[in-house]
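The values are calculated or read from the model by the stated rules, or taken from the named source; none is laboratory data. On a predicted model such as this, the values are computed, not experimentally measured, just so you know. For neighbour counting, all protein chains shown are included, and Cβ atoms are generated from backbone atoms with ideal geometry for every residue, glycine included.
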Amino acid sequence: MTSRILILLAAGGSAALLAGAFLFQALGWQPCAMCLWQRWPHAAAVLVGAVGFFLPRWPVALLGAAAAATTTGIAIYHAGVERHWWLGPTSCTSAGGGIGGLSAGDLLATDGARLVLCDQFTPFLFGLSMANWNAILSAILVIIWLKAAQKSVA
């Protein structure tokens, strides 16, 4: 496969994960704050992929790999918070007081949406949460981006 194809595949993977997140949100799976953090690097990877389509060079592919690695890291951190392996941000965990740490304005800003705490483990598929799946799939995208970088150097 060419570098351009690998870049498109990796960017398409991020686009698919983003689309899936928005779809499940539309179906009622409300995201927590850390879920939302994981979306931004995917959006960056999609933009990098658009650049990579026209300029399939190794620095572009490494930038995509960095974006995918960032969302992988956030997802691993989130997965650990969900499973109570380590503490998460006090603003969105039960250890931080849950809704007790929110102001009245913050509660009103939810527009009646269900408030989701970052440390609530919700199995999604095969006993893994969405954060777990995002970590696994994003790590695969990192490998694809790195392969694209390798191909564009050769």
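In region 145-154, which residue that is surrounded by fewer than 21 Cβ atoms within 10 Å (Cβ to Cβ) and part of a helix (DSSP H, G or I) is modelled with the lowest pLDDT? Spell out how you get there, then give the answer.
First, the residues of region 145-154 that are surrounded by fewer than 21 Cβ atoms within 10 Å (Cβ to Cβ): 146-147, 150-151, 153-154.
The next check asks that each one be part of a helix (DSSP H, G or I); those that pass are 146-147, 150-151, 153.
On the way: Leu146: 97, Lys147: 97, Gln150: 93, Lys151: 89, Val153: 79.
Ranking the candidates gives Val153 first.
Restricting attention to region 120-141, which residues are buried (at least 22 other Cβ atoms within 10 Å of the Cβ) and touching a Ser or Thr at 6+ places or on another chain (Cβ under 8 Å)? Before the answer, list the steps.
So in region 120-141, the residues buried (at least 22 other Cβ atoms within 10 Å of the Cβ) come out as 130-131, 134-135, 138, 141.
Selection gives Met130, Asn134, Ala135, Ser138, Leu141.
Of everything in region 50-65 that's assigned to a loop (DSSP other than H, G, I, E, B) and either in contact with a Ser or Thr (Cβ under 8 Å, 6 or more places away or on another chain) or farther than 30 Å from Ile5 by Cβ (or both), which residue is modelled with the highest pLDDT? Selected residue: Arg57.
In this structure, Trp85 does satisfy being under 29 Å from Pro123 (Cα atoms) and surrounded by fewer than 21 Cβ atoms within 10 Å (Cβ to Cβ). Would you mind stating whether Ile136 is at pLDDT 80 or above, within 19 Å of the chain's Cα centre (by Cα) and under 22 Å from Leu55 (Cα atoms)? When the stated conditions are applied, Ile136 does not pass them.
Scanning region 17-36 for residues that are surrounded by 17 or more Cβ atoms within 10 Å (Cβ to Cβ) and either of a type in the set (Val, Ile, Thr) or in a helix (DSSP H, G or I) (or both) returns Leu17, Leu18, Ala21, Met34, Cys35. Checked against (1) farther than 18 Å from Trp133 by Cβ; (2) surrounded by fewer than 18 Cβ atoms within 10 Å (Cβ to Cβ); (3) at pLDDT below 95; (4) not basic (Lys, Arg), Leu47 meets all criteria but (3). Looking only at residues in region 66-120 that are at pLDDT 85 or above and of a type in the set (S, T, N, Q), the one that is farthest from Trp29 (Cα to Cα) is Thr70.
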